[in-house]
Structures are given as C-alpha cells and as structure tokens.
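Q: Dumping the structure here so I can ask a few things about it.
The values are calculated or read from the model by the stated rules, or taken from the named source; none is laboratory data. None of these values were measured; they are calculated from a predicted model. These area figures cover heavy atoms from the full protein model, side chains too; ligands, DNA and RNA do not enter into them. Shrake-Rupley method; radii C 1.70, N 1.55, O 1.52, S 1.80 Å.
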Amino acid sequence: MAKSTKLYKHILFATDFSKRCDRVAKRAAAIAKNTSAKLSIVHVIAHTPIAYAGEFSVPIDAEFEMTLEKQANAELAKIGKKYHVPKKAQHLEQ
C-alpha cells in the first residue's frame, strides 16, 4: 500500500474573531484548497466565573454565557460561509 504524499490533510484555523484573523483565514483557506485538505475552524470561549454551592457549581451569569455562545456561533457561521467551511467543521470550545 502506497503512502499518502499529501502535504496537508487537515487545516485547523483557530480564530479570536479579530480583524487580523480574516487575513489568516484567507491564507488557511488557500492552503486547504491548494492541497485538497479539509478546513476546520475553531474558537475558544472562556467560562464565566463560577460560584460553588456545596456539590454543585453554577456559572454566575448563565444567561451572559449563553449570549456569548450564540454570538460566537454566529461569527463561526459567517466565517464558514465566507470560506466554504461546513457547519460540522465549525467548532466552539470552552
């Protein structure tokens, strides 16, 4: 069985949604296209501070955290649409 000579198989573009990231996204998309690699996008959001109450921990502002998550998903979708990255390759991590 022959080894794959493909330079890249999967490009993972990590973004903080800043304006500078568009340049990097464009380059990542170009590399993926030129090498027939899969392109994925990831964004990491930090948890809001957590209050501890006995055995349970509860985010201090769960609604705020949900709002941040919705906004991040919307930004990922925008980038995904612009660079033809399917929803299943758009990742939001915490």
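Q: Could you derive backbone 3J(HN,Hα) for the stretch 27-36 from the dihedral phi with the Karplus parameters 6.51, -1.76 and 1.60 (θ = phi - 60°), listing whole Hz in sequence and x where the residue is Gly or Pro?
A: 5, 4, 5, 5, 5, 4, 5, 5, 10, 6
Q: From the backbone phi of the stretch 72-80, what are the Karplus-calculated ³J(HN,Hα) couplings (6.51 cos²θ - 1.76 cosθ + 1.60, θ = phi - 60°) in whole Hz, Gly and Pro given as x?
A: 5, 5, 5, 5, 4, 5, 4, 5, x
Q: In terms of solvent-accessible area of protein heavy atoms at a 1.4 angstrom probe, what is the ranking of VAL85, VAL44, highest value first? Kindly include the intermediate steps, with their values, before the conclusion.
A: Numbers: VAL85 10, VAL44 95 Å².
From most accessible down to least: VAL44, VAL85.
Q: Here is a follow-up. Can you tell me which aspartates and glutamates have their Cα less than 20 Å from the Cα of LYS81? Leave out same-chain residues fewer than eight positions away.
A: Qualifying aspartates and glutamates at Cα under 20 Å: ASP16, ASP22, GLU69, GLU93.
Q: Counting only residues 5 or more places away or on other chains, whose amide H sits under 5 Å from the amide H of LEU39 once H atoms are built in the peptide plane?
A: Long-range HN contacts for LEU39: ILE11.
Q: Using a 1.4 Å probe on the protein heavy atoms only, what accessible surface does TYR8 show? Give it in Å² to the nearest 10.
A: Spelled out: TYR8, probe radius 1.4 Å, area about 100 Å².
Q: What is the gain in length, in nm to one decimal, between ASP61 and ASP16 on full extension, counting 0.36 nm per residue of separation less the C-alpha to C-alpha distance?
A: Numbers: separation 45, 0.36 × 45 = 16.20 nm, distance 2.17 nm.
Stretched out fully, the ASP61 to ASP16 stretch lengthens by 14.0 nm.
Q: Collect residues whose amide H, placed 1.01 Å from N in the peptide plane, falls under 5 Å from the amide H of TYR8; neighbours closer than 5 in sequence don't count.
A: For TYR8, no residues qualify.
Q: Quick one: what are the phi-derived ³J(HN,Hα) couplings along the stretch 40-45, Karplus 6.51/-1.76/1.60 with θ = phi - 60°, whole Hz, x for glycine and proline?
A: Along the stretch 40-45, the couplings run 10, 10, 9, 9, 10, 10 Hz.
Q: Right, here's the next one. Show the residues, 5+ positions off or on another chain, whose built amide H is closer than 5 Å to the amide H of ALA14.
A: Residues meeting the criterion, in which the H sits 1.01 Å from N, are VAL42.
Q: Could I ask something else about it? In nm, what is the difference between 0.36 nm times the number of residues separating ILE45 and LYS70 and their Cα-Cα distance?
A: 7.9 nm
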